[in-house]
Every structure is written in structure tokens, then in C-alpha cells.
Amino acid sequence: MSAGSGERHVVIALCGSAKKKRQSFDKLQRYVEETGRGRGGGGGDGNAHVTFSFLEMHYDEGQDTFSTVAGMDADVVLHKVSTLPPSAVGALRRWCAAASQRRRRRRLPPVLLVDPMETTRLVLHRSLTYKMLDSRLKRPFCRIPCSWLWTRDCASLVPLGFSSPGLGDGEATPPPGTAQRPREKWWIAKPDLSTGPPFTHHMVIWKGVQPVSAMPEEVRRLLPAGGSAFVVQEFLSHALPVVIKVYCIGRHVFVKAVSTTPLLRRVLSEMGGPVFVDSQSKFPTETGWEKEEACWRSYLAEGGSAHTQCREIAEVLVQELGLTLFGFDLLLTPEHGSRQGSSWPGASAASQETSPNAAWLDAPLFDGATGAPAAPLCSAAPVLVDVNYFPGFAGVEDAAARVLDVVKSKVLGTPVAQRRHVLEKKLLNCPIAAKEEMEEDT
């Protein structure tokens, strides 16, 4: 990084898969080319004009090393190393250490990572994320679905967090001398690994009795072969047919709604049988969604109560995870009866229906004349179902400029997030994460 007369030039090393390059890195480079200098002025020390250039990092899995053109160093590393083979984590650490040593000899500051790898690992395993946040996100503020961890070589499912009872704990005991058929519910199984190989987005939804020691055989056949551990959750069949996607770039929070109606129709068409789902597949847009989406944009607009609650949830996640580039998904579960005028109040969720609530699929969630939210939406409470580091930020206005703002803040020493010092304890409490941490450094 060179500095002179109030101007600074920052070299950003880009580390990730070819897909991440297409999804995010190329957009950043185009933005800098189109603006001529990137995002300068404003923020930081108030005087520095910052320009940017980029350096691609190449990972050689055979040699387990990173390299750059002509061995060049960078000021900052913008990474999603989880999209590369697991061994790349250790290789990136070694590259940063060597580059920092060379920079010190030139009296330059060490290489910075926009988000340290230790913090990004907190959301690499869904089981760790759910277990950690279960004690932090409480009703009525927000809740986590009941979750269990199942591995292919394990004899039972392990509860994740205090909100997830031991299997069978929640079942009522029938009176003596009577037989009671176990109640069927809807379930979803997700790979514990949340990002990286394509199989991390492959899930199975089915209806059945609560699994105790293993997945039903017909479900196991659909589970991705690449995964050895899976998170099993109650599938919230009574939730409204949308997922609220929240994207966080530094202090900026962007919120949008995505329809899940096509997915729910597919689940219903199988009459409770297991359904394979690729969460990254896009369904055709249904008639009427464009009009409803406009209502959602108004409802979720910045300054409104729904956006404010999303921001409050984001602030808790920033405190717990310490990330500056991340996203999370919310489902909305309405209570029975409305609370007029409220927006996502502290309401207990409706009891789970025995099948996905087909009534929500076609019922209007906004008044056709005024666009005001209908009673089911007014009574809905948020449930956090997924957290992801450095997503593609699809649909976020000025996403590239805002990411560069985060980089600039890091370089100028302006904090963009605060976090609690609980990282080491959280990693130690996740055997899978701790095991992989040791393997990556060997």
C-alpha cells in the first residue's frame, strides 16, 4: 500500500473458487474498471483517497501452496477459502505469514484478512452455528429450529442446543393398556458442511415419525454421498411461503423476500414421500409474484419495522460471529390469530401442521387495494434457518462499492464490527470443527 498527499493504493488478493470468482470477484474488478479508481473519499480518516487493484491467488492442491503472479504480495486478502479444498486453509495461513514477513522487511504492515479464517469457520458447520446461536437468539426476539446432528456411523441423533430435546422427549406417554401411533411430522436433512462442494446445497424433505437412530432408508438413498454428517431439523411446514434473505456488508443491511411456493408445491406433490432439493436451483416464477414482490419490497424497506428487526438480528450475529460479510435466512411463522398493526412481534410460533400449509400458498399476504400486510404476516415471528459467509449478495444495490468500503475501513483501521471473545471456546465445543482444524495444520 503506497501513500502520498492523502492518497492510498490498496492491493486486494482474491482467494476462492472459480465459481466465487464469477459470483463476486469479477463484479468487484468491473466496478473498479468502470469507476476508474474504486470507492474513494469519505469514511476512514476523512482525508484519504483510496484506489484499488486486484491480485488473483492460485491454489495448487498437489503442492498445497498458494501463488500469485510474479510472487506479488497484497495489502488485504478477500477470501472465501471454504470454497477450496480443506487443505487450502493451512496453505493460506502460511502464505499470509510469509507475505507479512516480507512486508515487515519493507516496513509495511502485515497482510490483513477482511474476515479472519477463524471467524469464518464458525459458520462452516451448520451444527456449530445452530448450537452456538441456540443460546443467543431467544424468543420472542428470534428462534432456531429444533436441530439434531446425525452421522452415518453414529447410532443416534445428537441434540444441538437446549431448544432441541432428546429424541422422544417431546412425545406424550400413552395411558397404560393403550397403543398410540407416533405422530408424523415434516423433517429436513441438510449436510453439516454449509459451503464448498455442490453437495452442501443438497437436502431432503420428508414426512414421518421422528427419526431416532438413523434416517429412513428411502431418505438415506437421497442424501448426498459426499456428506458424512447431516443436520436434521423440523421442517417448518406452517411458515409463510417465503424466505427472508438478509445480506450484511459491514454496517449495511439489505433485506429481500424470495417465494418458496414452487418448492412447497413440489413437496406436496410427493404426498409426504422424501423429496430431494438443491437449494441453489431456481424455480420458475409463479404468476402474481411480481406484484407481491413489490409489496414485499415496501414492507421490508429500510426504516420500516420489519427491516429494523432484521437489522437487530444482524447486530446480534455480528456480536456473536464477528463477521463483516455474511448473510442469513429467516422463515416467518404466524401465530393463530393476528396482532393488528404489529410487525413480527414476540409471538409464539403456531403448532406444526401435519402437512405443509397449502392455505398459505394461494392466500394473499397483502391487501390487494392498499398493499398493507394481512393478518398472518402481522402475527409472524422470525426463525433463523441458515447463516452463510460472503454470499453472492444477489440483488444488493452497490454491493461492490460497499464491499470496497469494508476493505477501506479495514486498511484505515476503522472498526466495522464488534464481537465477543468466545471464539476459542466455540471451536473447542465442536468436535468436527476442532478435528478439521488439526488436520488443516498438519
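Structure values in brief
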| read-out | value |
| --- | --- |
| Unmet requirement for Gln418, which otherwise passes all of (1) in a loop (DSSP other than H, G, I, E, B); (2) under 29 Å from Thr195 (Cα atoms); (3) modelled with pLDDT of 90 or more; (4) among the polar types (S, T, N, Q) | (3) |
| Gly392 being assigned by TED's automatic domain parsing to the domain that holds Glu335, within 20 Å of His79 (Cβ to Cβ) and touching a helix residue (DSSP H, G or I) at 6+ places or on another chain (Cβ under 8 Å) | yes |
| Entirely in the range 44-157, the strands (runs of 3 or more DSSP E) that have 3 or more residues that are in the same structural domain as Tyr31 (by TED's automatic domain parsing) | 49-56, 58-60, 65-67, 76-79 |
| Qualifying positions in the range 179-208 - assigned to a loop (DSSP other than H, G, I, E, B), surrounded by 14 or more Cβ atoms within 10 Å (Cβ to Cβ) and of a type in the set (A, V, I, L, M) | none |
| Condition met for Ala301 (under 26 Å from Asp362 (Cα atoms) and surrounded by fewer than 23 Cβ atoms within 10 Å (Cβ to Cβ)) | yes |
| Members of the range 304-325 that are surrounded by fewer than 18 Cβ atoms within 10 Å (Cβ to Cβ) and small (Gly, Ala, Ser) | Gly304, Ser305 |
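Every residue, every condition in (1) assigned to a helix (DSSP H, G or I); (2) under 17 Å from Ala380 (Cβ atoms); (3) over 14 Å from the mean Cα position of the chain (by Cα), yes or no:
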site	(1), (2), (3)
Lys291	yes, no, yes
Ala294	yes, no, yes
Ser298	yes, yes, yes
Ala306	yes, yes, yes
Gln309	yes, yes, yes
Glu315	yes, no, yes
Val318	yes, no, no
Gly327	no, no, no
Leu330	no, yes, no
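The values are calculated or read from the model by the stated rules, or taken from the named source; none is laboratory data. Being a predicted model, the structure only gives us computed values, none of them experimental. Ideal geometry is used to build each Cβ from the backbone, glycine not excepted, and the neighbour counts take in all protein chains shown.
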